[in-house]
1. Regarding Asp37, is this residue at pLDDT below 85, more than 25 Å from Gln10 (Cβ to Cβ) and exposed (fewer than 11 other Cβ atoms within 10 Å of the Cβ)?
2. Of the numbered conditions (1) at pLDDT below 95; (2) not in a loop (DSSP other than H, G, I, E, B), Pro98 fails exactly one; give the number of that condition.
3. Quick check: anything in the range 78-92 in contact with a Ser or Thr (Cβ under 8 Å, 6 or more places away or on another chain), loosely packed, with under 15 Cβ neighbours inside 10 Å and assigned to a loop (DSSP other than H, G, I, E, B)?
Amino acid sequence: MKIDFIVLIQRFRLLIGGSYILTTLLILFGTLMPNSDLPEYQVFNYDKVMHVGAFMAWTLATGITWRAFQPKRVSLAILIIVPLLFGIAIEILQGILPTNRNPEWIDIIFDALGTFLGILIYLLLLSVKDQSERIKSEY
């Protein structure tokens, strides 16, 4: 029994939409909560890995959530611009809000890396779906 990825996500679109909102809130909470125990600037530390992972997941979730509610694919421009603006907004808020956190512009680079990894996974999922559709149409 083959499962159609698009039909599946459209069937569970409310659950997917809710998960997307929850993921967004978790990223905001994790990046904006006050924390005086954060280490000073280090290029490769746990924080940077979290930025890559969070933005990879969030970008992938953006593409899947879009497809759950829209019949057409999300444009790559949206999958690039929206997460990057989200990351920039977080860094600006870290500088504005009294959370005892400082904006680090290198975080935006790690957010961008996660965004591009999320896009690659999203495109891989679409290519697998497209190949299965091509195989179905041949038979």
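The values are calculated or read from the model by the stated rules, or taken from the named source; none is laboratory data. Computed from a prediction, not measured in an experiment: that's the story for all the values here. Neighbour counts run over all protein chains shown; Cβ positions are idealised from the backbone, glycine included.
1. Taking the combined requirement at face value, the residue satisfies it.
2. Only one criterion in (1) at pLDDT below 95; (2) not in a loop (DSSP other than H, G, I, E, B) is unmet by Pro98, namely (2).
3. No, the range 78-92 has no match at all.
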